[in-house]
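Heads up, the thing below is written out as structure tokens.
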Amino acid sequence: MQADELAYYPFISEASTHVENLGISLDSLLNSRAYRAARVGGIERVKEALEGEIKKSPVSGEAQVLSELLSYPFARMLVACVDDQLFTRRYALAEAKAAYNLLKNENPAFLLRFGEDFGISADFRDSYFSMHFTDYIRFSNFLKDPAWKLTNRQFRAGEVKITREEFARLLEEAVRERIEQSFPIPELPSEVS
């Protein structure tokens, strides 16, 4: 993925590796004037999550992409400092919903690559996705609408047939789960806490 795409999906493994390869120290992120925009963006992310919706604005230019990429780890540090399970869930849900709003407009090839990052093996043919029922159950488990029940789905040879929007919705659940499970941060550096 390109850096500008990573800025929209900072919770995927490739984004994390990209940020790590930048070699920016925690001290620099917390104190350097060069990363002030990232800190402000992180604070905004957390505020918007509390209000219910993280707004993803278009990013362009290297500086904006970098600020957006770095705003995510800064926001995670803020959430970790609060150390409240309900707050963490609310933040994870808002990040996941923001991702869904972007994912539902992505092309099928992108969605398949994105799903692979979460261990979801899926196929796309004849304008439908199909995924193994165990992945389907894992990510549809928290969805309460009866339409998501496995008995109400097209099911053949262990595969569940779903639309692009439904696949994006299951990816939203995968994002929420990943973010929720990444807390608490095992060893929060003393500069942060």
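The values are calculated or read from the model by the stated rules, or taken from the named source; none is laboratory data. Quick caveat: nothing in here was measured; it's all calculated off a predicted structure. Counting neighbours? That spans all protein chains shown, and the Cβs are built from the backbone with ideal geometry, glycine included. The protein model used for the area step is the full one, side chains on, heavy atoms only, and it has no ligands, DNA or RNA in it. Shrake-Rupley method; radii C 1.70, N 1.55, O 1.52, S 1.80 Å.
Name the single residue that is least open to solvent (accessible area, probe 1.4 Å) among those in segment 98-121 being assigned to a loop (DSSP other than H, G, I, E, B) and in contact with a strand residue (DSSP E or B) (Cβ under 8 Å, 6 or more places away or on another chain). Give the derivation first.
Narrowing segment 98-121 to residues assigned to a loop (DSSP other than H, G, I, E, B): 104-107, 118-121.
Going one step further and asking which of them are in contact with a strand residue (DSSP E or B) (Cβ under 8 Å, 6 or more places away or on another chain), we end up with 120-121.
Numbers: 120: 4, 121: 85 Å².
Looking at the filtered set, the residue picked out is 120.
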- [ ] Evaluate the following for residue 4: is it closer than 20 Å to residue 182 by Cα, open to solvent by 60 Å² or more (accessible area, probe 1.4 Å) and modelled with pLDDT under 95?
- [x] no
Open item on the list: Six or more apart or on different chains, Cβ atoms under 8 Å: show the pairs whose first residue is in segment 167-193 and closer than 18 Å to residue 98 by Cβ and at pLDDT 95 or above and whose second is in a loop (DSSP other than H, G, I, E, B) and of a type in the set (D, E, K, R).
Closed with: 168/104; 168/106; 169/104
TODO: Mind counting the residues in segment 128-158 that are among the small types (Gly, Ala, Ser) and in contact (Cβ under 8 Å) with a residue 24 or more places away in the chain?
DONE: 3
Task: Lone qualifier among 89, 45, 76 - being within 15 Å of the chain's Cα centre (by Cα), under 14 Å from residue 10 (Cβ atoms) and open to solvent by 20 Å² or more (accessible area, probe 1.4 Å) - done: 76
TODO: Please find, among 133, 129, 139, the residue that is farther than 25 Å from residue 55 by Cα, touching a Lys or Arg at 6+ places or on another chain (Cβ under 9 Å) and surrounded by 19 or more Cβ atoms within 10 Å (Cβ to Cβ).
DONE: 129
TODO: Please state which of the following conditions residue 184 fails to meet, knowing it meets all the rest: (1) out of contact with any strand residue (DSSP E or B) (no Cβ under 8 Å at 6 or more places or on another chain); (2) closer than 24 Å to residue 106 by Cα; (3) not in a helix (DSSP H, G or I).
DONE: (2)
